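Report on one structure; see the data block that follows.
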Amino acid sequence: MGRTLDPLLARNVQWAQRKIADDPQFFQRMDAQQKPNYLWIGCSDSRVTANDVLELDPGQVFVHRNIANVVHTSDLNILSVLEFAVEHLKVQHIIVCGHYGCGGIERVFAPERGELFDHWLQPVSMFYRKHRKAFDALPDEQRLERMCEINIEMQVRRLAATPIVENAWARGQELHLHGWIYRIGNGLLRDLGPHLSSIAERDELPSIDDCVRQELASS
Ligand code: CO
């Protein structure tokens, strides 16, 4: 391929031509405005692309992705995306979508802590450390799967705690938060929850620590 990316640019031309062949007005419509109804907060993993797995066209989903779909409440990037999606685009649904086999989540079990993304993953690794005994009692694969699921549930709660979401709910704006997980091995999404649509629902939700303690106590 060399220095330039001509094959990719050629693919782009072919894609645009196919789009026009299917729907001659497609790009004119896109150019006029975007009106997505969904904000997707997903992992950067190259195999989990929102538009593909939802089979949505450009213009239908607003996207933020980072390693392990973490909602850092001091991250200007995610907060700006969230604010724009909620206050300007007025999306009605926000989907936090993680995936099984997430390398970011697997990292929290590793002893190394020297990379920048170890800082990024700190909320997840702190959670693991807090419940370490219980997690380490699980077989490796199950431990990773459960941590991938819990991370999603945790991030939905963190999202619900942001002033952006809280203010939207307080003024009566329709806004639903969802926690989904994607399995790379079969291409299927699953609704994990929690599903939150109001401040009251958020405040009634037991903490993720309590959920995990209860679950592990009963297993
Ligand atoms: Co991942």
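Can you find a residue that is open to solvent by less than 60 Å² (accessible area, probe 1.4 Å), of a type in the set (S, T, N, Q) and away from the ligand (no atom under 16 Å from the Cβ) anywhere in region 16-39? For region 16-39, residues open to solvent by less than 60 Å² (accessible area, probe 1.4 Å), of a type in the set (S, T, N, Q) and away from the ligand (no atom under 16 Å from the Cβ): present. Evaluation of R113 against the conditions (1) charged (D, E, K, R); (2) part of a helix (DSSP H, G or I); (3) more than 19 Å from V71 (Cβ to Cβ) shows that the sole unmet condition is (2). Residues that are farther than 29 Å from S125 by Cβ and either within 16 Å of the ligand (Cβ to nearest atom) or not hydrophobic (A, V, I, L, M, F, W, C) (or both) within region 78-92 comprise E87, H88, K90, Q92, listed in sequence order.
Which residues, taken from region 80-116, are open to solvent by 30 Å² or more (accessible area, probe 1.4 Å) and either charged (D, E, K, R) or within 19 Å of S197 (Cα to Cα) (or both)?
Within region 80-116, the first condition is being open to solvent by 30 Å² or more (accessible area, probe 1.4 Å), and the residues that meet it are 80, 83-84, 87-88, 90, 92-93, 101, 103, 106-107, 109, 111-116.
Within region 80-116, E83, F84, E87, H88, K90, Q92, H93, E106, R107, E112, R113, E115 meet the criteria.
Residues considered: G101, G59, G2, G42. Of these, the only one that is within 16 Å of the ligand (Cβ to nearest atom) and over 14 Å from the mean Cα position of the chain (by Cα) is G101. Yes or no: R143 surrounded by 12 or more Cβ atoms within 10 Å (Cβ to Cβ) and farther than 15 Å from S44 by Cβ? When the stated conditions are applied, R143 passes them. Could you please let me know if V165 is under 22 Å from G103 (Cβ atoms), at pLDDT 95 or above and of a type in the set (A, V, I, L, M, F, W, C)? No, not satisfied.
Restricting attention to region 104-115, the residues that are more than 15 Å from G42 (Cα to Cα) and either within 16 Å of the ligand (Cβ to nearest atom) or among the hydroxyl-bearing types (S, T, Y) (or both) add up to 6. Just one residue in the set V63, V48, V53 is closer than 23 Å to H93 by Cβ, at pLDDT 95 or above, assigned to a loop (DSSP other than H, G, I, E, B) and not charged (D, E, K, R); that residue is V48.
Of all positions in region 159-181, none carries a residue that is within 20 Å of the chain's Cα centre (by Cα), within 24 Å of K133 (Cα to Cα) and surrounded by 15 or more Cβ atoms within 10 Å (Cβ to Cβ).
Within region 167-203, the residues that satisfy the criterion of being touching a residue at least 40 places away in the same chain (Cβ under 8 Å) and part of a strand (DSSP E or B) are H176, L177, H178, G179, W180, I181, Y182, R183, L189, L196. The residues in region 182-198 that are over 18 Å from R146 (Cβ atoms) and open to solvent by less than 50 Å² (accessible area, probe 1.4 Å) can be counted, and the count is 4.
The values are calculated or read from the model by the stated rules, or taken from the named source; none is laboratory data. Predicted model, so just to flag it, every value in this text is computed and none were measured. Ideal geometry is used to build each Cβ from the backbone, glycine not excepted, and the neighbour counts take in all protein chains shown. All accessible areas refer to the heavy atoms of the entire protein, side chains included, with ligands and DNA or RNA removed. Shrake-Rupley method; radii C 1.70, N 1.55, O 1.52, S 1.80 Å.
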